[in-house]
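Read the structure below first, then the notes.
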Amino acid sequence: MALGCKMRNFLFLICILSGTVAYAQQDSATAAGDAAAGGEQQETAAADDAASGGGEKYPGIPTDQASISAGQELFEGNCKTCHNIHTKLVGPALANVYERVPGEGEESIEWLHNFIYNSQKVIASGDPYAQKLWEEYKPTVMTSFPFEKEQVKDILAYIQQETIKGPATASTETGPGGEVTTDGKQTGISSTYMSVILGVLIFVLVLILVVLILIVNILVKYLKDKEDLDEADREVIEQKFSFKDLATNKVFLAILTAIFIAVVAKTSIDALFTVGIQQGYQPAQPIAFSHALHAGEYEIDCNYCHTGVRKSKNANIPSANICMNCHSVVKTESKQIQEIYKAVEENKPIEWVRIHNLPDLAYFNHEQHVEVGEIECQTCHGPIEEMEVVYQYAPLTMGWCINCHRETAVNADGNDYYNKLVELHNQETDEPMTVEDIGGLECSKCHY
Ligand code: HEC
Ligand code: HEC
Ligand code: HEC
Ligand code: HEC
Ligand code: HEC
Ligand code: HEC
């Protein structure tokens, strides 16, 4: 009656298999949820394309080449840091955006104008579509652009042209984390498809399990009724399920250990990949200092406080003395301001909590980027002038640095140092000279 025993082992195996598949399934579901810049968004963008028959012309959006070029310039100058057409970046993919926002025709263009003019206002107005977007993307705030409606239409003209072109003809675009996603065709198996396959697999396994249990029961019943069984066989049939047997079963223990190791390994690898990435980090500060008030409303220049930013590696956090330039007279009665007085009297620095922090192995220089490269603070730090409490806007990963170095042209205007290099570069190609071309991808430039 070895058959009976084999059958039981087989049943265990199936139970374990369904368990493993269920775990994998759940995992792939979360992975799909996590995929910030991955295939999911491409799918929706592609699906949107398909829904509109590959991109019809939308009423109210100009189609002449002049508008499209003007739009492209505006888009590349203002929006590209956060938006791609066909893939999600910091903000959503913009393909077909005019079709999904509220309203139709002119109305939807008006809505887009308002949103681009001041997205936070539209969100605060209770517009359900805008609030849904905000839920998905907060705390990232889209910068406000005081554009005329005609300029918005130009941008839409450019977006429409790119939408109609479709992702297949667009070039390779790179996500914020540096992962290169080839647009369109080669996105691999989509996560929904994967889930369906796994779902069916579980179903089939469970079905087999049920059928096998039924067969075992029938067999046992049949054998019990038989009179002429010998001792050994009767023992097997009357054997009760026991956890003790299970706990001492070598095959079972081996499988259990293997699964345990696999789960632990997977969890730790996932955790390791997020170590050190602190995007969105927003610690509470000892004094409720607001950039929205000082840099936004009162328009105090960043340089006034972050004195090192244009002439050294570090940006400096201002000392209490700089605050005193104003607060020796401004709002003296405020409790928060008295904290500043206390720091000055006791000659102790205010213990601001550091937000941005590269590991020691990396070298980053503010002067090089702000003064020489003329990059706005906001490109890397986001809309600081709107933040009540500062948070880390960019991921600050190596991929993020490299990505920008690949895409950004060196600002060589009026910089004699670069004249020769640009001349050499232009002999070879028509493409602008990027930071990559001057060696911005060399390990030693960023690593000590
Ligand atoms: C600082 C990053 C940033 C910049 C720069 C930016 N956006 Fe956005 N944009 C976002 C985010 C984030 C959202 C999602 C909504 C939100 O959180 O406010 C968004 C949403 C949008 C939406 C709505 C998308 C949808 O799916 O309905 C449109 C349209 C849009 N942006 C257009 C633009 C245009 C045009 C520009 C350039 C003039 C631009 N954005 C520049 C971050 C940015
Ligand atoms: C009145 C002085 C003042 C002005 C003006 C000011 N800041 Fe700050 N900034 C501070 C102080 C104080 C802190 C530390 C407390 C905090 O994080 O809010 C800080 C923190 C920061 C941080 C985070 C530093 C970290 O810990 O990693 C960034 C980034 C920053 N400021 C950027 C800017 C930019 C960009 C501007 C201009 C738009 C600006 N600041 C204008 C005083 C100022
Ligand atoms: C160039 C002038 C100036 C500097 C420098 C300055 N502040 Fe201010 N601060 C102001 C003004 C103006 C207000 C708004 C006062 C009001 O609301 O009447 C203000 C308000 C504040 C408030 C809100 C007080 C309250 O109770 O409403 C805090 C906190 C504050 N500042 C902290 C700081 C700190 C910390 C520094 C130094 C890092 C600093 N400020 C540097 C001008 C300045
Ligand atoms: C090219 C991207 C980039 C630009 C542009 C940029 N920063 Fe930074 N900033 C960083 C990075 C990266 C760090 C973290 C540096 C570190 O940990 O060594 C940082 C850190 C800071 C800090 C924390 C103190 C320090 O020096 O580490 C402050 C304050 C700051 N930046 C202010 C500014 C201001 C003000 C501007 C504009 C004048 C600006 N940054 C422009 C990338 C940038
Ligand atoms: C927004 C775009 C942008 C980001 C993000 C950025 N850089 Fe740069 N970086 C530039 C530009 C532009 C230059 C060229 C400046 C010049 O003209 O010398 C540059 C130059 C450099 C150089 C000098 C390269 C050379 O060959 O002289 C170093 C080193 C560097 N960056 C490090 C970093 C590091 C580290 C990070 C990430 C923490 C980073 N950068 C993020 C735009 C960027
Ligand atoms: C433009 C700047 C830049 C260049 C060029 C660059 N790195 Fe990095 N690298 C960084 C920054 C910034 C970090 C830290 C970011 C982080 O922890 O994710 C980093 C982290 C690393 C790490 C540690 C990884 C980790 O997760 O802690 C290694 C290893 C590394 N780089 C190797 C290299 C090698 C090899 C090269 C040359 C092929 C290179 N880097 C070129 C900026 C750069």
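Is it the case that the range 268-282 has a residue that's on the phi > 0 side of the Ramachandran plot, of a type outside the set (D, E, K, R), within 11 Å of ligand 2 (Cβ to nearest atom) and surrounded by 12 or more Cβ atoms within 10 Å (Cβ to Cβ)? Working first, answer last.
Here is the first cut: in the range 268-282, the residues on the phi > 0 side of the Ramachandran plot are 276, 280.
Keeping just the survivors that are of a type outside the set (D, E, K, R) gives 276, 280.
Among the residues that remain, those that are also within 11 Å of ligand 2 (Cβ to nearest atom) are: none.
No, because not a single residue in the range 268-282 is on the phi > 0 side of the Ramachandran plot, of a type outside the set (D, E, K, R), within 11 Å of ligand 2 (Cβ to nearest atom) and surrounded by 12 or more Cβ atoms within 10 Å (Cβ to Cβ).
From the set of residues in the range 408-448 that are over 15 Å from Glu374 (Cβ atoms) and touching a residue at least 40 places away in the same chain (Cβ under 8 Å), which is farthest from the chain's Cα centre (by Cα)?
So, considering only residues that are over 15 Å from Glu374 (Cβ atoms) and touching a residue at least 40 places away in the same chain (Cβ under 8 Å), the one farthest from the chain's Cα centre (by Cα) is Tyr448.
Exactly one of these conditions fails for Met398: (1) within 16 Å of ligand 1 (Cβ to nearest atom); (2) closer than 19 Å to Lys313 by Cα. Give me its number.
(1)
Only helices (runs of 4 or more DSSP H) wholly contained in the range 309-426 count here; list those with 2 or more residues that are within 9 Å of ligand 4 (Cβ to nearest atom) and at pLDDT 90 or above.
In the range 309-426, 377-381, 398-407 are the helices (runs of 4 or more DSSP H) which contain 2 or more residues that are within 9 Å of ligand 4 (Cβ to nearest atom) and at pLDDT 90 or above.
Scan the range 366-388 and report the pairs whose first residue is outside the structural domain of Gln120 (by TED's automatic domain parsing) and whose second residue is near ligand 2 (Cβ under 9 Å from one of its atoms) and small (Gly, Ala, Ser), with Cβ atoms within less than 7 Å and a gap of 6+ or a chain change.
Note: pairs meeting the criteria are His366/Ala315; Ile384/Ala295; Glu385/Ala295; Glu385/Gly296; Glu386/Gly296; Glu388/Ser290.
Select from the range 70-90 the residues that are outside any loop (DSSP other than H, G, I, E, B) and in contact (Cβ under 8 Å) with a residue 12 or more places away in the chain and write down the one among them that is farthest from Gly166 (Cα to Cα).
Ranking the candidates gives Asn78 first.
Taking Val410 as the residue in question, decide whether it is of a type in the set (Val, Ile, Thr), surrounded by 14 or more Cβ atoms within 10 Å (Cβ to Cβ) and over 23 Å from Ala295 (Cβ atoms).
Details: of a type in the set (Val, Ile, Thr): yes; surrounded by 14 or more Cβ atoms within 10 Å (Cβ to Cβ): yes; over 23 Å from Ala295 (Cβ atoms): yes.
It is true that Val410 is of a type in the set (Val, Ile, Thr), surrounded by 14 or more Cβ atoms within 10 Å (Cβ to Cβ) and over 23 Å from Ala295 (Cβ atoms).
Output yes when any residue across the range 117-128 is of a type in the set (Gly, Ala, Ser) and within 16 Å of Glu386 (Cα to Cα), and no when none is.
In the first step, residues of the range 117-128 are kept if they are of a type in the set (Gly, Ala, Ser); the result is 119, 124-126.
Add one more test, that the residue is within 16 Å of Glu386 (Cα to Cα), and what stays is 119, 124.
Checking the range 117-128: at least one residue is of a type in the set (Gly, Ala, Ser) and within 16 Å of Glu386 (Cα to Cα).
The values are calculated or read from the model by the stated rules, or taken from the named source; none is laboratory data. These numbers were taken from a predicted model, which means no experiment stands behind them. For neighbour counting, all protein chains shown are included, and Cβ atoms are generated from backbone atoms with ideal geometry for every residue, glycine included.
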